[in-house]
Amino acid sequence: MRMRDVRRGVGCFAALLAVTLLNPSASPSQTTDRKPILEGARKEGKLAIYSVLAVPDHSQIVDRFRLKYPFIDVALVRPGGSERITSRILTEARAGQHLVDVIGVSLLNMHQLIKRNLVTRYPSTERERFDPNFKDREGFWTAFYVNPSVIPYNTNVVRPEQSPKSYQDLLDPKWKGRLVMEQRDIEFFSALVRHWGEENGLAYMRRLARQQITIRSGHTLITQLVAAGEHPAAVSTNGPRVELTKRRGAPIDWNPPDPTVVDVVTMGIAAHAPHPNAAKLYLDHVLSREIQEELLEENFVKPSGRTDVKSRFMTKIRGSRVRMIPIEGELAEQWEKFEKLFQEIFSAR
């Protein structure tokens, strides 16, 4: 999502600039006066996190946070996917209960919460290292991690030089009846239609549908089907999942099309956070290079939006010089329209 409001936190920037001039060697995490936040967090003593990341993975991030701030008791909750987390927050807000401090959900769902004034701004200095595509201008959200959509193919069935590398390649007659696609990939569909323009975008999708594509439910399943050779390639699926499967030894690889559609899992602070200072410490922790590189990228294969993180996955995408287009949060307002168009074009097949 690209917010249209171009106002920036002038006061925060001025303060950051002043400290940087006084101490040019200071790192981003050192340029904010941490004392008031630390004192506030110590008094609060607690932190509540609602996040879409799987608990076994997220617990490792929390464990490192506890080592830094042992005086904070952390409660990590994963009530389900982004939609369930958002629904829970909305229900609590309607009941006048504000229980969550840090929120980690998809950009579409974060946008809904921002519109309902349930997320507050926090211009963490760690945000300075993030690609502009992966943070909003106002400071409401920053990418927790990113999920680029790629074109996967089975390396036992398809040679790299013959693999589909572009959206146009997918229209080649040789792929007719051999491709698989997720049955509700509306984010991917809508991002391309909006990017290309509705007329051109829908014309492409109709041509793609004539390729007799097999429709299946779930990006993980699609990755498994391609890795098993049941389908030589897929129209699009979750790139990090494909990369993880590849690293585990499966005969699967992928190409980044141009443009590459990117789903963003965001993180922000609740507007009525009961422990706002602890939430700020945690957001800085999650966005730090340490967590983004050592845990999210290396251990979990969850690519980072930071430009200084060594990411084999993002290096391949950026090395291909493709444009990355994040799924825009405003899509939530047009969801029903694009869902209907998607079903009209692909459901019969």
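Taken together, the values in this text are just the output of simple stated rules run on the coordinates, not laboratory data. Values in this document were obtained by computation on a predicted structure and should not be read as measured data. Glycine also receives a Cβ, built like all others from the backbone with ideal geometry; neighbour counts cover every protein chain displayed.
Taking amide hydrogens as placed 1.01 Å from N in the peptide plane, the amide H of Ile252 sits under 5 Å from those of Thr155, each at least 5 positions away in sequence or on another chain. The spread of Cα positions in the chain, taken along each principal axis and listed from longest to shortest, comes to 64, 42, 36 Å. Taking all Cα pairs closer than 8 Å and separated by 6 or more residues, the relative contact order of the chain comes to 27 percent. Taking the Cα centre of each part, how many Å lie between the stretch 177-237 and the stretch 120-155? Between the Cα centres of the stretch 177-237 and the stretch 120-155 lies a distance of 24 Å.
Helix 35-44 and the long axis of the chain differ in direction by around 90°, with both axes built from C-alpha atoms.
Between Arg318 and Glu83, the simple label model (points 7 Å from Cα in the Cβ direction) yields a spacing of 3.4 nm. FRET efficiency for Glu290 and Asn133, Cβ-Cβ distance as r, R0 = 22 Å, nearest 0.05? Calculated transfer efficiency: 0.50. The stretch between Glu39 and Asp169 holds 41.0 nm of extra length on full extension. This uses 0.36 nm per residue minus the Cα-Cα distance.
Using C-alpha pairs under 8 Å with a sequence gap of at least 6, the mean separation divided by the residue count of the stretch 54-145 gives a relative contact order of 18 percent. If you run the Gaussian network model on the chain, springs between alpha carbon atoms under 10 Å, then out of Glu297, Glu336, Glu187 the most flexible one is Glu336.
Averaging 1/r over every pair of different alpha carbons in the stretch 48-109 and inverting the result gives a Kirkwood radius of 12.3 Å. Compared with the rule-of-thumb size 2.2 N^0.38 Å for a compact globular protein, the stretch 308-349 has a Cα radius of gyration ratio of 1.78.
Packing here is the average count of other Cβ atoms within 10 Å per residue, and on that basis the peptides 266-275, 95-104, highest first, run 266-275, 95-104. Entry note, the stretch 103-190: relative contact order of 18 percent, from Cα contacts under 8 Å with a spacing of 6+ residues.
Ordered from longest to shortest, the equivalent ellipsoid semi-axes for the stretch 134-233 are 26, 18, 13 Å, each the square root of 5 times a Cα gyration tensor eigenvalue. Taking other Cβ atoms within 10 Å as a rough exposure proxy, Val74, Val226, Val264 sort from fewest to most as Val74, Val264, Val226.
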